[in-house]
Structures are given as structure tokens and as C-alpha cells.
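Here's the structure we're looking at; comments come further down.
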Amino acid sequence: MNNRLVELKNITKSFGNVNALNNVSMEINKPEIVGLIGDNGAGKSTLIKILSGVYAPDSGEIFLHGKQVEGHWSVARAHAAGIETVYQDRALCVQHTIALNIFMGREITGAFGLVKVRKQYEEAERLMREIGFTSRVFTPDSVVATLSGGERQGVAIARALYFEAELLILDEPTNALSLTETQKVYSFMLAAKDKGSSVVFISHNIYHAYDIADRFIILDRGTVVMQVDKSEVESAERLVQHMKDFARAGHAS
Amino acid sequence: MSASAIPTPAKRRRTRGPLAKYLNRNRRAISALAIFAVLLIIFTMANPRIFTNPITYRAIFLSLPISLFVVVPLVFIVASGEIDLSFPATAGITSWVFSAAVQSGWEPVAALIPALLLGVVVGLVVGGLVTYVGLSSLVATLGMNFLMRGIINMGTQGVAIQFPQMRTTALWQAFAGRIEGFPVINGFPVHMLWGLGFVALGWMLFNRHRLGIRVQIVGDNPDSAAEMGITVARVKIGAFVFLGIGAALSGVLSVLVNQNWWPTTGDGLLLPALAAVFVGGTPTWGGIGTVVGSSIGAFIIAFIETGIIGAGLTGYVTQFFNGLVIILSLIGHRFNGRRYR
């Protein structure tokens, strides 16, 4: 398939004695929305941090557009490849401004590494207008600590959208969000797909995930136990049933 | 973590004018300035004749730059979430290299180079111990301070190096001379200009350069920094290298001003410089800091030394007064703006 965006082959990652991921292989096509589901400790977040470059795998191969990634896999390389991530912990600096948080690690710089503060402010302002920040009282100079949980999530998502990802990864994006805000996040994900990008997301709410995803990858104790198109699962209940079956099978063995 | 996801509109926060914004953003530096103003009023009331005489301030200008060169980089260290106690010995050992080179016939300007290089190396070693080896910066730098001072003591056997001819050199003229034409204070000390220039550079680096911005990010939340692709270790090592360079400049300046290098050079900096950082409004918990505020802090600390004597009190009061100012100013900063973490 030539619309393959990312492919992982036999990825293994352990932390000390804990095997977080065991021979995980999966692929993400373009454009599609993939729901990554599994129980607590299934390895979802680890898998996402490998995709986003925070962790380099112990072994296994990563392919981008069919080409194998050589050398050390890092966040900077993932960013360069158009992979943007909204982490579960939001990855924000609460004592600093919205503008600084949007550009952290990728500051707009001029000569001598001097940061173009003015330009960053303007870009952040434009972005906040586009995304539709709920309250007009916020400016790019607002300190993140003064924002609510949902608003902080908004900053994290805005940041990912700003850099126009080819692959947008969201770890529990709707956690702590109201229903309307959740709908908004989903509309961002659908819009990204309409623009030709792909989305991978983790949700604790399978019913939500079922509504929006095209495909599901089910993880259980560090292995991919199932990859299935939405058309092959009749309902969210069926998906939950699959998960339970795998969990039971695992415990029985 | 706030659970309320629907933000209540407008009335929750009032919009501020540009002046209010400016004051709010710089409130830590401004409160440092306020502390200085209070001290100035107290001292002037105690002895109006001394504290309206510019000569008094000239005495402060002579010693202040030596501490500014370490206080400014210390703001970076503290904002990055670390601490450093090794800079006094770094100042000592780098200025020793400078002094030994000059003594063996080097041109002072040329002798500055190995001193600065050693400062960079010390910064790399300390930063490497803290980041890659993962030692606590408090303990690692305490150890490095003893270690380097020990090397000085073993190497010199306690013998000082004197430079009676130092005033004739080009480096002295450029770095520690005086600008003629200020008859009231008998010439303006050049190194005060260097000190102020260094503060300006530090401000630029901290607030407008990628290094300073990332120092603040790393100090605020190292996990977030790593998730957004910042190499935390590299940023922290950068801060330690900056301190190494600052300590070298401080040590060499001290040698130039005193025309003498002692095996104890730099030792007296430790507590006053750290006090200056915190009195000036850089908080201990990392993530934020103020170069200008902490420089004012250095001025406050230097001012107390001179002020106590000038106010007609004995030198025995200095430490008590220093302590009082530190505690009171910290209380002031505590109530001046919320702590978010």
C-alpha cells in the first residue's frame, strides 16, 4: 500500500524488568483515525511515546512513508516528520505564558538564536482565534496556571494543530473535558482527517472512540491482540466484548 | 487538576492595561527595587551626610561587579531547577590559572583565555555530573567546591601571588581602570560598566534567547520539556557552563581590582551571591527567575555592607542586618504574586 504513513515492526520496549511492549507491529495509513484501546497497563502510552519519539525502542523497526528510520529516533525527528502529540500530562509549563508553551522546543528564532517574542505572540493570537478559545479574556500572555483543565487541554491541542501534523497523536484527549469540549476535540480530529492527515488516539471511553475511529488497535499486556476495521465490528459493545475476551484469555493462560 | 471544564466567561478575569501588565510581569524585580528603596531611606535617615555623598556609592561600585558576574548566571542555574555551590572555587581556580600565567610572563589579555576555558571545562564537568551521572546538584557542587579549593591549596601551599605592576597593563585599564571626568567620585570605575553590560547580556540571554527560555522551561517541567523535544541535560549543562564563564570573569576581576591573588579568592562570594539571587526575587523552586531583580539583590547585599558602617553602626551588626533583609524580602516576595508550583 502506498498510502502507508507509519509502520512499526516488532517493537519491543522494557523498563527494567517490565516488558511494556512485546513485538508490537502496527501501521497507520493516510488518512484515517485509529483508536488505540486497551486496559490500564496495556502499553498504550508507551506505544504513543515511541511513535512521538520520547522513547527509542529497544528493538524493532520504524518506517516512515515506507522508508526505514536509521539512527536514533527522537522527538525532534518525529516533529520534523510531521508527527505531533498531545500527551496525557499535557506537557505544559504552568508558570509560563500560552505563547511560550505553544512554541516550547521550537521557538521562532532570528539571528544568534534570539527568540522573536513579538512574532510568537502574534502567531499564538492568530491560532487562539482560529481554534476558538472559549473565553476572550485570555491572551497569549496569559499564564497557563490560571487556566482550567479544559483550557489547558485546549492549549496542548492548539500547539499540535499549529504545526500542521501529518500524524496527530492524542493520549486521552477528552479526559477532564465537558461534553461540548469533547465534541470540539472530535471535530478537530475529523477536520485533520479531511485535510489528509492521520490521527491516533487513546480514549478511556470506548463508546466515544467507536463513534469517531475508522479502525481500532487493541493492546493487551504489551502486545497487539487485534487490529480491526470499524466495518468489521457491529457496535461498541462488541468492541468491549473483544477486549474482555482477550483479557480473560490472558489471565487464564 | 481542575475538573470544571466549562470556563465561566469574562468576569472571572479582568483585562489589564499595558502598564498593569508590565508591572505584573516584572513584579519580582520591582519588589527588589522597593526593598532597596526602603534600605536607602533607613540608612539616609540614620546618616544623611554619608548617604547623600556619591563617594559612598563608589565604594559599592568597586566590589559589586565581582558578585554580578556570578549572580547573573546563578539566576539561570536556580531557574533551571538546580543549585550551585562550587562557583567560589571555580572563581578561585580560574583566577589562579590567570595569575600563574601572568606571573610567568603572559600578557594579561592572553592569560584571560585559559582562565575562561577552564571555567567552561568546570561547567561541563559539574553539569555532566548533575545531568548524565544524575548527582544532586546541591551535593555534587558542594563536593566540587571542596575539591577545587583543595587543588588550589595543594598546588600553592597557601602562597598568594602579588601583582604590583598590574595597573600598568592594558587589561587592567580596560577591565578595572577608571573613567576620568567624574571629579565628585574620583573617576568612574570601568568594571561597573562591564558589570552592567553583563547584566544586560544576561537579561537578553534569559528572556530573549533560546538558551534562557529553555532554562526556564526545563526548570518548570523537565518532563514536558523532554516531551516537546528539548534535551534537558544539554540545557542544564549550558547553564553550568555560563556560570563557569561568569565565575572565571569574577575571579579575574577580583585579581585585577585587588592586584593580588589569594588561595582564598572567591571564597567570600558564596553566601552573599546566593543571598543576592533570592533577595532579588528569583524563587528557589525553579522555572522562573529575574536577572534584573537578582542584580538589584546583589546591589542590596553590597549596599548593606557599606551602609552599616556608613550609618555609624559597627561591622558586628552586618550579618544580623543581612539576615533580617533576607528574611523580610523573602516574605515580601512570598506575598507578591502566587506560587503556582
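The values are calculated or read from the model by the stated rules, or taken from the named source; none is laboratory data. Since the model is a prediction, treat every value here as computed from it, not as a measurement. As a convention, Cβ positions derive from the backbone with ideal geometry for all residues, glycine included, and neighbour counts pool all protein chains shown.
Worth a mention:
- Count of residues meeting criterion [at pLDDT below 90 and surrounded by fewer than 22 Cβ atoms within 10 Å (Cβ to Cβ)] in segment A:196-208: 5
- Among the residues of segment A:109-144, those that are of a type in the set (A, V, I, L, M) and under 23 Å from the mean Cα position of the chain (by Cα) comprise A:A124, A:L127, A:M128, A:I131, A:V144.
- Checking each residue in segment A:89-116 for being buried (at least 17 other Cβ atoms within 10 Å of the Cβ) and farther than 16 Å from B:A225 by Cβ picks out A:I98, A:A99, A:T109.
- Segment A:79-109: number of residues that are more than 10 Å from every other protein chain (Cβ to nearest Cβ) and among the small types (G, A, S): 3
- Among the candidates A:A158, A:A165, the residue that is touching an Asp or Glu at 6+ places or on another chain (Cβ under 9 Å), part of a loop (DSSP other than H, G, I, E, B), at negative phi and more than 12 Å from chain B (Cβ to nearest Cβ) is uniquely A:A165.
- For segment A:56-73, a residue qualifies if it is part of a strand (DSSP E or B) and either under 13 Å from A:D171 (Cβ atoms) or touching a residue at least 60 places away in the same chain (Cβ under 8 Å) (or both), but none of them does.
- All positions within segment A:208-253 that are without any contact (Cβ under 8 Å) to a residue 12 or more places away in the chain and either within 27 Å of A:K184 (Cα to Cα) or part of a helix (DSSP H, G or I) (or both): A:S231, A:E232, A:E234, A:E237, A:R238, A:Q241, A:K244, A:D245, A:R248, A:A249, A:H251, A:A252
- Restricted to segment B:19-127, the set of helices (runs of 4 or more DSSP H) holding at least 3 residues that are buried (at least 18 other Cβ atoms within 10 Å of the Cβ) comprises B:27-46, B:54-79, B:87-103.
- Number of the condition not met by A:A76 [criteria: (1) in a helix (DSSP H, G or I); (2) facing chain B (nearest Cβ under 7 Å); (3) crowded, with 21+ Cβ neighbours inside 10 Å; (4) of a type outside the set (D, E)]: (3)
- When residues of segment B:272-293 are limited to those that are under 14 Å from B:A91 (Cβ atoms) and aliphatic (A, V, I, L, M), the one surrounded by the fewest Cβ atoms within 10 Å (Cβ to Cβ): B:L274
- The helices (runs of 4 or more DSSP H) found entirely in segment B:217-279 that carry 3 or more residues being away from chain A (no Cβ under 13 Å) are B:232-258, B:270-279.
- Any hit, segment B:147-159, residues being under 20 Å from the mean Cα position of the chain (by Cα), over 18 Å from B:L269 (Cβ atoms) and surrounded by 12 or more Cβ atoms within 10 Å (Cβ to Cβ): no
- Hey, A:G53 in a loop (DSSP other than H, G, I, E, B) and under 28 Å from A:N205 (Cβ atoms) or not: yes
Each row is one residue, and each column tells you yes or no for (1) at pLDDT 90 or above; (2) in contact with a helix residue (DSSP H, G or I) (Cβ under 6 Å, 6 or more places away or on another chain); (3) in a strand (DSSP E or B); (4) not polar (S, T, N, Q).
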{"position": "B:N153", "(1), (2), (3), (4)": "yes, no, no, no"}
{"position": "B:V159", "(1), (2), (3), (4)": "yes, no, no, yes"}
{"position": "B:R167", "(1), (2), (3), (4)": "no, no, no, yes"}
{"position": "B:W172", "(1), (2), (3), (4)": "no, yes, no, yes"}
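- Exclusive hit being under 25 Å from B:M144 (Cα atoms) and either crowded, with 17+ Cβ neighbours inside 10 Å or among the small types (G, A, S) (or both), set B:A248, B:A311, B:A302: B:A248
- Conditions (1) surrounded by 13 or more Cβ atoms within 10 Å (Cβ to Cβ); (2) at pLDDT 90 or above; (3) in a helix (DSSP H, G or I); (4) not hydroxyl-bearing (S, T, Y): number failed by B:I327: (1)
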